[in-house]
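What follows is calculated from the coordinates using simple rules that are stated; it is not laboratory data. The model shown is predicted, which means the values in this text are computed figures rather than measured ones. Every residue, glycine as well, gets a Cβ built from its backbone with ideal geometry; the counts of neighbours run over all protein chains shown.
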Amino acid sequence: MILAEKKKHEFPTAFTVLFIILIMAAVLTYIVPSGRFSRLTYDDVAREFVVTDQNNEVKTLPATQSVLDDFKIQLSLSKFEDGTIKKPIAIPGTYVQIKQQPQGILEVIQAPVTGVMDSVDIMIFVLILGGIIGLVNKVGAFDAGMGALSKKTKGKEFILVILVFTLTTLGGTTFGLAEETIAFYPILMPIFLISGFDAITCIAAIYMGSSIGTMFSTVNPFSVVIASNAAGISFTNGLVFRIIILVIGSIITLAYMYWYANKVKKDPKNSFVYEEEESIREHFLKDYNPDVVTEFTLRRKLIMILFSLAFIVLVWGVALNGWWFGEMSALFLGVAIVMMILSGLSEKEAVNTFVAGAADLIGVVLTIGLARAINIVMDNGMISDTLLYYSIDMISGMNGSLFAIAQLGVFSFLGFFIPSSSGLAVLTMPIMAPLADSVGLSRDVVINAYNWGQGLMAFITPTGLILVTLEMAGTTFNKWLKYIMPLMIIMGIYAAVGLILGVYIL
């Protein structure tokens, strides 16, 4: 009798990983006590403060500096009046435990549905992007463009990595480029593959570019600026120091990426995604044949120019005009309509191609909704404030370098449960920043610990963008962990050293 070959165990998909984490988050709501800080919000119409306590009871108070002082909120009233601080902030010393809010089976099942409803704006953006990719592929513009590009970059392929990493890093450090990078993978992955890189290198160039940029933010309004305002200091404090840290951190990351890419170039079997290479290439290069020269016609050039201009307009809109997914989706929908006209396809063929392209990214959009479900379960379980309260209690009494490193650890830990940079800033800074005063340190140290701690955790946080990214790239979380963990350890040590230097410099 011939024994059947033992089936090889495969790492679960992004959906399964997220659902396991969703269940773990629900279990935490039974273990971690529910609790809340009171919140203070400024009503700019009535010009008064609105305080919401732990029982959701609301009272209004006059918007005066003395009210802030009474609450031990060490912020200027002007920061509320000029709109610098818009979100509710936690009031120091008001944490109380409340009735446990466990999330059972029904809540776990409902959370993905609610997550999809909450994430519909980004989902629409991704689906429209998928439709556009389908159109560009159908008319052969990608094939022609990649053929022309591969000739020009031959022998200088790593310049592509440096360019993509640098641009995404600049986007991350200046305006918080993150979710917007989802649009880059369908475009850049084929280019990286035909340039001899594996999928992991493409992911790293884009994802780690934006991650390093947001981790070592310099003027990012959604992290360092809002955190500095919530801490009662100017974001320009320590700016030169942050720029130096960003530059050195970027060089370290690029060196690691070069080491890995060079190792794969010498032997493709060194790639962490070697086993999936064939399926990845089939997905992204299914119509590309290096032996067949696709003519770069005027029609194809116009479509690629239009496609490229859309991303330039996107960056302009996000960075300077406060665009979000509604505006970005409208931009790409308009581009899709113009492309249909330029494509030379019949009306039916153009529409069907667009729909088929959107359908290719259904798995990605469902991953986005499931990731949001984890945050919903934790929010409804009321455990985020409790974790913050215990974290504060743990680091109280520390001083000097130990305090700075402990803050890095605390913000890395909280960053897993509160992936929103602005949300974490307004929740923690009114409480964390005064702790620096009590041990004789600059509040800049706390700002850096917040930025670097949360940014470090973003390398692997499943509730963030990484699983969505991996789903688009066609690989799994364990392959990413193999790649990123050595770099994560290096950057963690680097951030700790930077904080210690900041203790003596800032």
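Structural remarks
- Charges were assigned to the Cβ only: +1 to each Lys and Arg, -1 to each Asp and Glu. The resulting dipole of the stretch 187-305 about its Cα centre is roughly 460 debye.
- When only alpha carbons are used to place a centre, the stretch 489-506 and the stretch 211-229 end up 17 Å from one another.
- Using the Cβ of SER211 as centre and a radius below 14 Å, the other residues enclosed give a net charge of -2, where K and R count +1 and D and E count -1.
- Overall form of the stretch 310-376 per C-alpha gyration tensor (a/c, 1.5; a/b vs b/c): oblate
- Electrostatic tally near GLU57: other residues with Cβ closer than 14 Å to its Cβ, Lys and Arg +1, Asp and Glu -1, net +2.
- Between the stretch 428-486 and the stretch 17-95, the Cα center-to-center distance that results, in Å: 22
- Ranked by how many other beta carbons lie within 10 Å on average, peptides 53-59, 273-279 from highest: 273-279, 53-59
- Given +1 at the Cβ of Lys and Arg, -1 at the Cβ of Asp and Glu and no other charges, the dipole of the chain around its Cα centre is 1060 debye to the nearest 20.
- Cut-off 11 Å between beta-carbons: net charge of the residues surrounding TRP324, Lys and Arg +1, Asp and Glu -1: -4
- Separation of the alpha carbons by more than 25 angstrom is noted, of LYS79/LYS99; LYS266/LYS482; LYS59/LYS99; LYS269/LYS479, for LYS79/LYS99.
- Cβ-placed point charges (K, R +1; D, E -1), dipole of the stretch 19-85 about Cα centre in debye, nearest 20: 280
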